[in-house]
Amino acid sequence: MHKMTTGRTRKTIPYLDTIIFLGIISLFFGYLGANMGISNMFSTIMSTAYKLLVDTVFYIMAIAVLTGAFGKLATEFGLVKLLNKIFSPLMKPLFNMPGVAFLGVITTYLSDNPAIISLSKDDDFLSYFKKHQVPCLCNLGTAFGMGLIVTTFMTGLGYFKEALIGNIGAIIGSIISVRIMAHRTKKVLPEEPEKEIKNKKDIDIEDNIIEHAQGSFFERFLTAFLEGGKLGVDIGLSIIPGVLVICTVIMVLTFGPADPSIGYQGKAFEGVRLLPRIGEFLSPIIKPLFGFKSPEAIAFPITALGAVGAALSLVPKFLESGIIGPNEIAVFTAMGMCWSGFLSTHVAMLDALGHRKLISKAITSHVIGGIAAGISAHLIILLLNFI
């Protein structure tokens, strides 16, 4: 008996993904090899990755260990709780979010984007939010992820004022991102409480969520210090793939030969200057918005979309080459902190929050927020220079 089927069957090309992958790889290495030479190309890629690992990754890891230790100490001895009490009243007028959302801001600032997820798993914490506000936690947490590491990194290079301005720009960008996201989620989610908890006013969110160690002051200090440092090591290790893979590709596409009169020598940080050509094409838009003095600077925000740790790795080389100055540091801080590699974390974070269908809305909202952060930092720099 003939079995009838209804509907159309979708035909797919066999090995389509493989064909696309081979096409991209062939195009990338073919372009580099044609310009640099095969031997120089591989020598540059390996040398660049090694230099990034030794000179930059370990430096960022050292910063992550110190900031991780400070963050854990701040949590253990009540600084986070105190800051939450002081600044939570600002959350409603600025973000149109409950005051307890500031706890998400400070925990992600001291660590990384996914820290907001641990808070969202607590019913007491969620009881303060309406259903349409819960997905906004993804954008809120991402806008401050690795904030302390980014700020400390820029400050360590001698740009404290610019790092501070960048933080202000990131806050502005986060407000725009969260408010756009909330406006869009209102259309698809009801404005009713996410969780119903009795006697909500009597709940101390910080004590419920933040675990404190037992023992004397010295024991708690030592435990928190070591645990926080270990968290910093984990963060440092986690950025290695992003830095070595993404940043090596960006470097090769950004810089030219070490000595143009000689040509390619297979040294670290040589490249084909593709991104600067794109930056020059976009400069009529980029220069007024961000004030970049060199088209190569576009590499930082592009990299920050996927991994802020990799983006930070570009900064020392940019400074050494004279490509960037104080304005770029402020803009980089704002965009790096606000975006903080959100393309690599947004999907998993929204999935954990139970709102995978809102991924496109969250991503587009955060792209706008990051651009606004960079523009804000640039305008603040201009205003201060004018004054």
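Please give the calculated 222 nm ellipticity per residue for the chain, where each DSSP H segment of at least 4 residues contributes -39500 (n - 2.57) and the sum is spread over every residue; nearest 500 deg cm²/dmol? Could the numbers behind the result be given before it?
Details: 21 runs with 250 residues, N = 387.
Helices in the chain give a 222 nm mean residue ellipticity of -20000 deg cm²/dmol.
Semi-axes, largest first, in whole Å: what does sqrt of 5 times each Cα gyration tensor eigenvalue give for segment 87-186? Provide the component values of the computation, followed by the final result.
Numbers: eigenvalues 125, 42, 22 Å².
Values for segment 87-186, descending: 25, 14, 11 Å.
By how many degrees, between 0 and 90 and to the nearest 10, does the Cα long axis of helix 38-51 differ from the longest principal axis of the chain?
Approximately 30 degrees, to the nearest 10.
Taking a quarter of the surface of the Cα convex hull of segment 91-144, what do you get in nm²?
Averaging across all directions leaves 3.2 nm² for the Cα convex hull.
Using per-residue counts of other Cβ atoms within 10 Å, averaged over each peptide, order 281-293, 130-142, 353-365 from highest down. Don't jump to the answer; show the numbers that get you there.
Values: 281-293: 15.5, 130-142: 25.9, 353-365: 17.6.
Top of the packing list down: 130-142, 353-365, 281-293.
Which whole number of Å³ per residue matches the convex hull of the alpha-carbon atoms in segment 292-353?
62
Using a 1.4 Å probe on the protein heavy atoms, what percent of the accessible area of the chain belongs to carbon and sulfur?
66
Using Cα pairs under 8 angstrom and six or more residues apart, how large is the relative contact order of the chain, in percent? Intermediate results must be reported in sequence, preceding the final value.
On the way: 621 pairs, mean separation 96.2, N = 387.
Relative contact order here is 25 percent.
Treat every Asp and Glu Cβ in the chain as -1 and every Lys and Arg Cβ as +1, leave all other atoms uncharged, and give the resulting dipole magnitude about the Cα centre to the nearest 20 debye.
On the way: 32 positive and 27 negative charges, 286 e Å.
I would put it at about 1380 debye.
Rounded, prolate or oblate: pick one for segment 1-153, where a ≥ b ≥ c are the square roots of the eigenvalues of its C-alpha gyration tensor, a/c under 1.5 means rounded, and failing that, prolate if a/b is larger than b/c, else oblate. Don't skip to the answer; put the middle values down first.
Details: a/c = 3.53, a/b = 1.31, b/c = 2.69.
Taking the square roots of the gyration eigenvalues as a ≥ b ≥ c, segment 1-153 is oblate.
The values are calculated or read from the model by the stated rules, or taken from the named source; none is laboratory data. Note that this is a predicted model, so its numbers are computed, not measured. When we count neighbours, we look across all protein chains shown, and the Cβ atoms used for this are built from the backbone with ideal geometry, even at glycine. Heads up: the accessible areas ignore ligands, DNA and RNA and are worked out on the full protein's heavy atoms, side chains in. Shrake-Rupley method; radii C 1.70, N 1.55, O 1.52, S 1.80 Å.
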